[in-house]
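Chemist: Dropping the structure in here first, questions after.
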Amino acid sequence: MCSKIKTSYLILLLFLIGLSTSSYAINPEKYLVNEVANENFPLVSNGKITSILVNDKDYSGVLKVTGHLENDLFNVSDLHSKRIKKISEAEDFVVIIGTLGKNEIIDQLAKEGKIDANQLKGKWEKFTTQIVENPFKGIKKALVIAGSDKRGTIYGIYDLSNQIGVSPWYYWADVPVKKQSELHVLPGIHSQGEPKVKYRGIFINDEAPSLTGWAFEKFGGFNSQFYDKVFELILRMKGNYLWPAMWGRMFYVEDPKNAVLADEYGIVMGTSHHEPLTRAHAEWGKEKGKWDFNTNSEALIQFWKDGIKRMGNKETIVTVGMRGDGDEPMTEGTAIELLENIVKTQRNIIAEVTQKPAEETPQMWALYKEVQDYYDKGMTVPDDITLLLCDDNWGNIRKLPELDSKPRKGGYGIYYHYDYVGGPRNYKWINTNQIERVWEQMDLAYQYGVDKIWIVNVGDIKPMEFPIEFFLDMAWNPEKFNAGNLEQYYSDWAKENFDNQFTGEIAQILKLYTKYNSRRKPELLDRKTYSVTNYNEADKVIADYQKLVKLAAIINEKLKPEYKDAFYQLVLFPVLASANLNELYVAQAKNYLYSEQWRLSANEYKEKVKELFEKDSELTNYYHTQLANGKWNHMMAQTHIGYDNWQQPDKNVIPGTRYLFHSTAVNQRIAVEGKEESFDGVLKNKIDLVDFSSLENNTSYIDLLNSGIKKYTFKIFCDHNWIQFSQSEGIVDTEQRILVNIDWKKAPKGITKSQFIVVANYQKFIIQLKTNNIKADKVHGFAENNGYISIEAQNYSKAINSDSIKWTTIPNLGKTASGVTLKPSHIHPIEISQQSPRLEYNVHFFSKGKMKVNAYFSPTINFKKGDGLKYGIAFDNEKPQIMNLNADASEKAWTESVANNIKIITSTHNIEKAGNHVLKIYGIDPALVLQKIVIETEEGKVLESYLGPPESFRKE
C-alpha cells in the first residue's frame, strides 16, 4: 500500500510541476539551504550558531520577536544563539536586526550604501533580508534583516523563522520543528515587498463554548497570555489586524495588558461591526440605560468618549456607526438622518479626545446586513472613513464599489465569514470553506478596488487553520493567486507543515474534504439531504468520504510519530468526523426508507445510527483528552447534530429512528432503483426500471424483500436473452438484490420497450424497461438518457473568448466538479453578439419538443447597481434568452441558495428535431460561476437529488 501512495504522490508532483510558473507558495522565495558555500551566510554550521545583534532602542516588539527567533533557532538546531548589543561584541558572522530610522546600526549601513535605504524608506510593512560583506571592522559577513517600520522588521524576523522550518502553526496545531544542523542563507536581497491590502486580519467570534472553554482552562480567560499566542500567530502569517473575542468578552477590561501587548507587537486593533469607538458590547451594562441614541445620547456619548480616551495613541481602526443592542437592527426603518448624526457625533468625540482632526484617526463603517440599506439609499460618511463591505455571512459578497465610482480616501474593505451564527443555520463546528470560492470572491473584491481592509470571521480559530492562512496569504498579494495555481497552494501547505511527507496525498485530502463539506454545512445535513434511491447518490457521497478516511488512515500510520498530533488536527479529525456525520444521516435515511419499504434491514440502520452517534462523541473525546496530552480540551465542543432551527441545540441530539417488527407470515415485496415505494404484487403492479443506454452501458437493480419470519422462493421469467440478471431464481430470507444489465451485442437496435416477470412466493411482478441501442459514432456531444442530459460546466466543447475577457475554469470549485467564470471580473456588462464570449456544449437528443435547461451557479449575490447579474442562453441559432441570476431576490430564495450552496436558473426551449445540437451560454455580467447544466428532455423523468444527475455519456 505504501508503494501505491508513493506512486500517486509522484504522479501528482509531476502534475504540479507542470503548473503555471507564477504559482504562489506559502513562502514564495526559498533563500535558506542546508549546503555550505562561500557565498552563503552560515546561520548554523559545524555545531556553531551566529550571534544576533539588535539595538535596545528599537521597538520593544522587535526585541520580543527577536526572542522568538532565538527560540526557533534553538528548536531547530539545539544551539543557543547569543544576543549582543554592540558591534564590538560581534565575531566573524552576525545577524543584524533592526528598523530603518529606529536603529542606528541599520541607519549606518544605509548611510554607507551597504543596504539600500530607498528600498525601505516610506514603505508600508516591508523588509529586506540580505548578506552584507564586511559590514563593520572585524566582521566578515552579516545577515541584515531591516524593516521599513515595526511590522516590516517583525515580518522579516518571522520570515527567517519560516525559512528555517518553523510553521506559523507550531503552537496552534502542534506542527513539529524539524531538526537541522546546517542552515545557510543564499545571497541576494530577499523581500516580499509591500502588502497589496493594507489591513489584513481575523475576527474571533461565536467563541463559546469551544475557544472560551479552552482559553479559561489554559490561561484563565481571554487575557494577555491568550492574546500573546494570537498576536504571534497573526504576525507569523503576515497579518496585522484583529477584532478580539466579543460575546461576553471585554478585550480592554478583562486584562488591561491586552491592549498594551497588541501595541507592542504592532497589531492594529479594531472592534466588530456593531461595537463603536473601541467599546466592547459587553461593556454596556443595564445601569447605563437603553442602547438608544434618541433617548439616551448623553450616556452613549460619555461611553464612547471613554473608549477613545482608553485607546490613546495605540494603532486602531475605530468602528463608527451604530446597530441595535445585541447586533440587531437599530430601528425598524432606515433612519438615515439619525445614523448620519451618530457618525457626526462620534467623529466630534474622536477629534475632541485625540486633539487632532478626526480624519487622522483610521475609521471604518461596516455596511453589515441592514446597514447596507442606509448606504444604498444615499447615506454618506466622510471620505476618509473606510467603507467595510460585507458578505452575506455565507461567503457571497453583497456589495462592491461601482466600476465608475469616485475613489475614496478611506477606500473599501471586506468583512468575510468562515463561521456564522444566524439563519438559515449556524455553522461553527468544522471547516467547510473551499479556498477556491474564497479566491473567486476575494479576487472579485480586489479587482473592484477593495484593498484597504480584509478581515475574516474565523470563529474559534481552530479548526479553520488552513483557510485562515490562505486568506492572509492572499491578502498580502492577491495578484499572485490565480485559478491555475490554487491546487499548488494545497501542496505547498501540506509540504510546509508535514515535512514533505505524503504531500500529494495530504493536498488531495485537504482539497476534497473541504469540497465535500462545502456542499452543505454539517449543521444543515439531515436524512433528506442525499437521495438513497436516486443515482446511487447517498452511497456515492459516503464512498467519497470513505476513500479519504482510508487514505488519511494509511498516511497516519506511516507518518513520523512527531507529526501525528498535527495530522490529527489538520487532516485526520476533519475527515473522520465529517465522514462519520454524513454516514450517520445516510444511515438514518435508510432506516426511514427501509422501514417504509418493509425491509428488515431498517433495524440494522437503527443500530448503525446509534453506533455512529457514539463514534462522533468518541472522536471529540479523543480530540479533547488524548490529542497532544489533552492540550486542546473543549476546542471541538460546538454542537452539530440535531438542529431543528437556526440556533444550535444545547447538546448533540441523536437523530430519530424506527423499528420494524417481523411479520408473522411471508411478506414479499419488490423495490427498484429510483423509487422510494416498494410493491407487494397484489395489484399486479407494472414497475418501471430506469432506462438503459448502450452508450452508458448502465446497470440497474431490483430488490426482493421479505419482512416475514419465513423464507420464500423467487423466479424471473424473461423472453429476451439480451436482458441479463445476476440471479434468475433463488430463496429470499430478508432481502436479495438482483442486478439487471443488457447484452448490447444481442439487443435490438434503436429504442425498444420490453418487460420481464418476477414471481415471488406466487405473486407476480411485471418489470418494464426501455433500452436505447445506438452506435456511438452517430452521437456528437453529451447524449440523452433517462430523460436528461447532465453536463459538468468545465467540459465545454468550445470556449469563445475576446481579446480582453476569457472563460476561466476554477478547478475543484463547487459541489461536483469545477466552476467556469469570466475573468477579469472588473468589466462592464457585455452586449451579446456573434463574437461575444460564450461557452458551447455539443448535445445529442433522442427526443424533441419542450425542454428545460437548469443552469447550476454558485450563489453569487448582485453586488452592483441594477436588477441582477445576467447571462444569455440559446440552442443553435435561436435568439438568446437573457436570464437573471438574481431575479428572485426574496429572503426565501436566498435562504434556499445558501443552504444548498447552489442557485439553479431554469430556461425553457423548443427542440424541433432529435439529433445533434449546440447549447450556448453567453457571458453578459462578470462573477457568475457556472458549475453544472442539467437539460430535462422528458418531464418528470429527472429524479430528485441534491447534487443533480451524474454527468451523461459524451462523445466529441
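For every residue, the table says whether it meets (1) within 30 Å of Ala637 (Cα to Cα); (2) modelled with pLDDT of 95 or more.
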residue: Asn652; (1), (2): yes, yes
residue: Thr657; (1), (2): yes, yes
residue: Phe661; (1), (2): no, no
residue: Ala671; (1), (2): no, yes
residue: Lys684; (1), (2): no, no
residue: Phe692; (1), (2): no, yes
residue: Leu695; (1), (2): no, yes
residue: Ser700; (1), (2): no, yes
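Chemist: Return yes or no: is Gln434 of a type outside the set (Lys, Arg), out of contact with any Asp or Glu (no Cβ under 7 Å at 6 or more places or on another chain) and under 22 Å from Ile234 (Cα atoms)? First the steps, then the outcome.
Modeler: Details: of a type outside the set (Lys, Arg): yes; out of contact with any Asp or Glu (no Cβ under 7 Å at 6 or more places or on another chain): yes; under 22 Å from Ile234 (Cα atoms): yes.
It is true that Gln434 is of a type outside the set (Lys, Arg), out of contact with any Asp or Glu (no Cβ under 7 Å at 6 or more places or on another chain) and under 22 Å from Ile234 (Cα atoms).
Chemist: Related question: Please go through (1) crowded, with 18+ Cβ neighbours inside 10 Å; (2) under 43 Å from the mean Cα position of the chain (by Cα) for Asp688 and return the number of the only condition it doesn't satisfy.
Modeler: The number of the failed condition is (1).
Chemist: State whether one or more residues within the range 202-224 are of a type outside the set (D, E, K, R), crowded, with 17+ Cβ neighbours inside 10 Å, closer than 18 Å to Gly61 by Cβ and within 25 Å of the chain's Cα centre (by Cα).
Modeler: no
Chemist: For residues in the range 160-189 being in a helix (DSSP H, G or I) and surrounded by fewer than 22 Cβ atoms within 10 Å (Cβ to Cβ), which is nearest to the chain's Cα centre (by Cα)?
Modeler: Narrowing the range 160-189 to residues in a helix (DSSP H, G or I): 160-163.
Next cut, surrounded by fewer than 22 Cβ atoms within 10 Å (Cβ to Cβ) only: 162-163.
Working: Asn162: 24, Gln163: 27 Å.
Restricting to residues being in a helix (DSSP H, G or I) and surrounded by fewer than 22 Cβ atoms within 10 Å (Cβ to Cβ), the top hit is Asn162.
Chemist: Condition first: part of a helix (DSSP H, G or I), in contact with an Asp or Glu (Cβ under 7 Å, 6 or more places away or on another chain) and surrounded by fewer than 23 Cβ atoms within 10 Å (Cβ to Cβ). Can you find one or more residues in the range 518-536 that meet it? Give the steps one after another, and end with the answer.
Modeler: Just the residues of the range 518-536 that are part of a helix (DSSP H, G or I), to begin with: 518-519, 522-524.
Applying the additional criterion that residues be in contact with an Asp or Glu (Cβ under 7 Å, 6 or more places away or on another chain) yields none.
Scanning the range 518-536 turns up no residue that is part of a helix (DSSP H, G or I), in contact with an Asp or Glu (Cβ under 7 Å, 6 or more places away or on another chain) and surrounded by fewer than 23 Cβ atoms within 10 Å (Cβ to Cβ).
Chemist: Going residue by residue through the range 454-470, is there one that turns out to be of a type in the set (Asp, Glu), over 26 Å from Leu242 (Cα atoms) and modelled with pLDDT of 95 or more?
Modeler: No: the range 454-470 contains no residue that is of a type in the set (Asp, Glu), over 26 Å from Leu242 (Cα atoms) and modelled with pLDDT of 95 or more.
Chemist: Out of the range 56-83, which residues are out of contact with any strand residue (DSSP E or B) (no Cβ under 6 Å at 6 or more places or on another chain) and among the polar types (S, T, N, Q)?
Modeler: Those that are out of contact with any strand residue (DSSP E or B) (no Cβ under 6 Å at 6 or more places or on another chain) and among the polar types (S, T, N, Q): Ser60, Asn71, Asn75.
Chemist: When residues of the range 914-948 are filtered for being of a type outside the set (A, V, I, L, M), part of a loop (DSSP other than H, G, I, E, B) and in contact with a Pro (Cβ under 6 Å, 6 or more places away or on another chain), how many remain?
Modeler: Here is the first cut: in the range 914-948, the residues of a type outside the set (A, V, I, L, M) are 915-917, 920, 922-923, 925-926, 931-932, 936-941, 944-946, 948.
Filter once more, keeping what is part of a loop (DSSP other than H, G, I, E, B): 925-926, 937-941, 944-946, 948.
Next, from what is left, pick out any that are in contact with a Pro (Cβ under 6 Å, 6 or more places away or on another chain): 925.
Summing the residues that are of a type outside the set (A, V, I, L, M), part of a loop (DSSP other than H, G, I, E, B) and in contact with a Pro (Cβ under 6 Å, 6 or more places away or on another chain) in the range 914-948 gives 1.
Chemist: When both residues are 6+ apart or on different chains and their Cβ atoms are under 9 Å apart, which pairs have a first residue that lies in the range 550-564 and is in the same structural domain as Val575 (by TED's automatic domain parsing) and of a type in the set (Gly, Ala, Ser), and a second that is outside any helix (DSSP H, G or I) and surrounded by 13 or more Cβ atoms within 10 Å (Cβ to Cβ)?
Modeler: Nothing qualifies.
Chemist: Find the residue count for the range 499-509, including only residues that are buried (at least 23 other Cβ atoms within 10 Å of the Cβ) and out of contact with any Ser or Thr (no Cβ under 9 Å at 6 or more places or on another chain).
Modeler: 2
Chemist: Using beta carbons and a limit of 6 Å, which pairs, at least six apart or on different chains, have the first residue in the range 147-168 and in contact (Cβ under 8 Å) with a residue 12 or more places away in the chain and the second one basic (Lys, Arg) and assigned to a helix (DSSP H, G or I)?
Modeler: If the second residue must be basic (Lys, Arg) and assigned to a helix (DSSP H, G or I), the pairs left are Tyr158/Arg236; Pro168/Arg236.
Chemist: Among the residues that make up the range 652-664, is at least one of them under 23 Å from Tyr946 (Cβ atoms), out of contact with any helix residue (DSSP H, G or I) (no Cβ under 8 Å at 6 or more places or on another chain) and surrounded by fewer than 20 Cβ atoms within 10 Å (Cβ to Cβ)?
Modeler: yes
Chemist: Examine the range 406-428 for a residue that is of a type in the set (A, V, I, L, M, F, W, C), in contact with a Ser or Thr (Cβ under 8 Å, 6 or more places away or on another chain) and not assigned by TED's automatic domain parsing to the domain that holds Asn580, and state whether such a residue exists.
Modeler: For the range 406-428, residues of a type in the set (A, V, I, L, M, F, W, C), in contact with a Ser or Thr (Cβ under 8 Å, 6 or more places away or on another chain) and not assigned by TED's automatic domain parsing to the domain that holds Asn580: absent.
Chemist: Looking at (1) surrounded by fewer than 22 Cβ atoms within 10 Å (Cβ to Cβ); (2) aliphatic (A, V, I, L, M); (3) out of contact with any Asp or Glu (no Cβ under 8 Å at 6 or more places or on another chain), find the lone condition where Ala628 falls short.
Modeler: Looking at each condition in turn, Ala628 falls short on (3).
Chemist: Does Leu695 meet the test of being in a loop (DSSP other than H, G, I, E, B), touching a strand residue (DSSP E or B) at 6+ places or on another chain (Cβ under 7 Å) and on the phi < 0 side of the Ramachandran plot?
Modeler: Yes, satisfied.
Chemist: Listed residues Lys111, Lys86, Lys82; which is farther than 28 Å from Glu182 by Cα and surrounded by fewer than 21 Cβ atoms within 10 Å (Cβ to Cβ)?
Modeler: That would be Lys111, the only listed residue that is farther than 28 Å from Glu182 by Cα and surrounded by fewer than 21 Cβ atoms within 10 Å (Cβ to Cβ).
Chemist: Is there any pair linking a residue in the range 770-786 that is among the acidic types (Asp, Glu) to one that is outside any strand (DSSP E or B) and surrounded by 21 or more Cβ atoms within 10 Å (Cβ to Cβ), with Cβ under 9 Å and at least six apart or on different chains, and which?
Modeler: As it stands, the answer is Glu784/Thr937; Glu784/Ser952, since those pairs meet every condition given.
Chemist: Is it fair to say Ile542 is modelled with pLDDT of 95 or more, of a type in the set (A, V, I, L, M) and buried (at least 19 other Cβ atoms within 10 Å of the Cβ)? Don't jump to the end; show me each part of the working.
Modeler: Values: modelled with pLDDT of 95 or more: yes; of a type in the set (A, V, I, L, M): yes; buried (at least 19 other Cβ atoms within 10 Å of the Cβ): no.
Considered against the rule, which asks whether it is modelled with pLDDT of 95 or more, of a type in the set (A, V, I, L, M) and buried (at least 19 other Cβ atoms within 10 Å of the Cβ), Ile542 comes out as no.
Chemist: Further, regarding this structure: What single numbered condition from (1) in the same structural domain as Thr895 (by TED's automatic domain parsing); (2) surrounded by 15 or more Cβ atoms within 10 Å (Cβ to Cβ) fails to hold for Leu769?
Modeler: Of (1) in the same structural domain as Thr895 (by TED's automatic domain parsing); (2) surrounded by 15 or more Cβ atoms within 10 Å (Cβ to Cβ), only one is false for Leu769: (1).
Chemist: Additional query: Looking for whichever is within 39 Å of the chain's Cα centre (by Cα), β-branched (Val, Ile, Thr) and surrounded by fewer than 24 Cβ atoms within 10 Å (Cβ to Cβ) here; the options are Val144, Val132, Val76, Val62. Which one fits?
Modeler: Numbers: Val144 fails: surrounded by fewer than 24 Cβ atoms within 10 Å (Cβ to Cβ); Val132 fails: within 39 Å of the chain's Cα centre (by Cα); Val62 fails: surrounded by fewer than 24 Cβ atoms within 10 Å (Cβ to Cβ).
After ruling out the rest, the residue left standing is Val76.
The values are calculated or read from the model by the stated rules, or taken from the named source; none is laboratory data. Since the structure is predicted, the reported quantities are computational estimates derived from the model, not experimental observations. Heads up, the Cβs are rebuilt from the backbone with ideal geometry, glycines too, and the neighbour counts pull from every protein chain shown.
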